[in-house]
Structure formats: structure tokens, C-alpha cells
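This report refers to the structure that appears directly beneath it.
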Amino acid sequence: MRLPYGFCYNSDGHIAIDNEKSDIVRMIYRQYLSGMSLGRIADFLYQQGIPSPTGKTSWTQPVISDLLSNKKYIGSIVSFDEYFIVQGEKGNRSNIDENTKHRKATRYSSQSVLSGLLICAECEHNYRRITRPSGEVVWRCANRVEHGKKFCKHSPSILEETIKGIVCERLGLETFDEQAVKESVGYIAVQQNGTMHIELRQYRLS
């Protein structure tokens, strides 16, 4: 029986985790969650000289897509949260509406005015925008998403609407204005209890 990439048979004939290949799987998950496309990941793997699961010099996008959706990795190579966050992200990036099977009017975009502004007060890593399978949008500490509670124990997940409401209150805005946020906010430190310290710029951008 052919094992999924990242697994191997040990000397006793039992299924075990291949340390080198499982690290590559985790790297692919991290790259995808950081915003890299399947094509860019394939190019990166080729440039690094990492053979595909079949031993070819090049990886294909379908192979990487299947790897990102393989449930056998849950709990053994990637966490439950990482796996399902990736599935939500894949759905969000798809230009095909799963309900109507028609092409969506807009495509995936990882850009947000909040990107780079939200910082975890515990580990000082940036927060990352994540769309859950339910469609709910939250921001989570990227360090905790990628490496787990061992490296960031207490950072909370924050609903995007909650963040926007707090920013509007701080800036005196009736509705969320991306340009005003870009010009006025220096950074937003997310505390362990979910409160946010918003540091304003000392000057406005031209």
C-alpha cells in the first residue's frame, strides 16, 4: 500500500512519520496560510530541489492541493485547527462558487488594511486574517497558528467585526474607513484578555 507523502514504514513494518517529509508538509501548510498560491509553492519546492511525492523534479498544483486536503495529516503532522483553517482558506480562494458552480464575481485577495497592524502582545508576532469554513472572519496570532500553544499560549482569536468596531470607536468614526485607518493607526497590540491597545501615528500619511 502506498502511503501518503510524509509517512513511511519503520523497521517493524509499522506506519510511522517520515521526519524530513513531514517537515515539508508542515512548510507547505505554513506557506499556504501565509498567502502563497499553489503555483508559487510549486515553484519554491522546485527551486529548493525538493522532489515531488512521485520523485519528479517538479510539483504540480493538483498534487499540492490534494496534500493540503489530506485528512490523514490531522493530529499526526498538522493540527486540527491548521487543517480546517486551510480548508476554509481554499474555499475562500476558489473562483468557483460551491453552491451555484458558477464563477465568482471576485477572486481571493489576502489584502486587508489591518494586515501588519495587529500584533500579539504576548509573542510580538503579527496577527493573520482567517476565514473559517462557516464564513466567519477572525484574526489569530500567526505564531500560534503555525507553531501551536507551546510558542504562544494565551493569544485570543478576535472577530474582524469586533476589531473594526473598536477601531471606529478609537478614531471617532461612524463606519469603518480603510483610508482613515491606514493614515491614523500605527499598530494594534492584542492583549491576552482580548483588549486592544491602539497606537496612533504621530503624523498623517501624505
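Structure values in brief
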quantity: Top-ranked residue in the range 53-75 [being of a type outside the set (Val, Ile, Thr) and surrounded by 15 or more Cβ atoms within 10 Å (Cβ to Cβ); ranked as farthest from the chain's Cα centre (by Cα)]; calculated: PRO53
quantity: Test: residue in the range 170-178 that is modelled with pLDDT under 85, outside the structural domain of TYR29 (by TED's automatic domain parsing), assigned to a loop (DSSP other than H, G, I, E, B) and of a type in the set (Phe, Trp, Tyr); calculated: no
quantity: Residue selected from the range 185-206 under the condition surrounded by 10 or more Cβ atoms within 10 Å (Cβ to Cβ) and at pLDDT below 90, by the criterion farthest from GLY116 (Cα to Cα); calculated: ARG204
quantity: Residue that is surrounded by the fewest Cβ atoms within 10 Å (Cβ to Cβ) [pool: residues in the range 18-34 that are without any contact (Cβ under 8 Å) to a residue 12 or more places away in the chain and either closer than 11 Å to ILE50 by Cβ or in contact with an Asp or Glu (Cβ under 8 Å, 6 or more places away or on another chain) (or both)]; calculated: GLU20
quantity: Residue check for ASP81: out of contact with any Gly (no Cβ under 6 Å at 6 or more places or on another chain), over 22 Å from ARG129 (Cα atoms), at pLDDT below 95 and of a type in the set (Asp, Glu); calculated: no
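The values are calculated or read from the model by the stated rules, or taken from the named source; none is laboratory data. These figures come from a predicted structure and were not determined experimentally. A quick note on method: Cβ atoms are made from the backbone with ideal geometry, for glycine too, and the neighbour counts reach across all protein chains shown.
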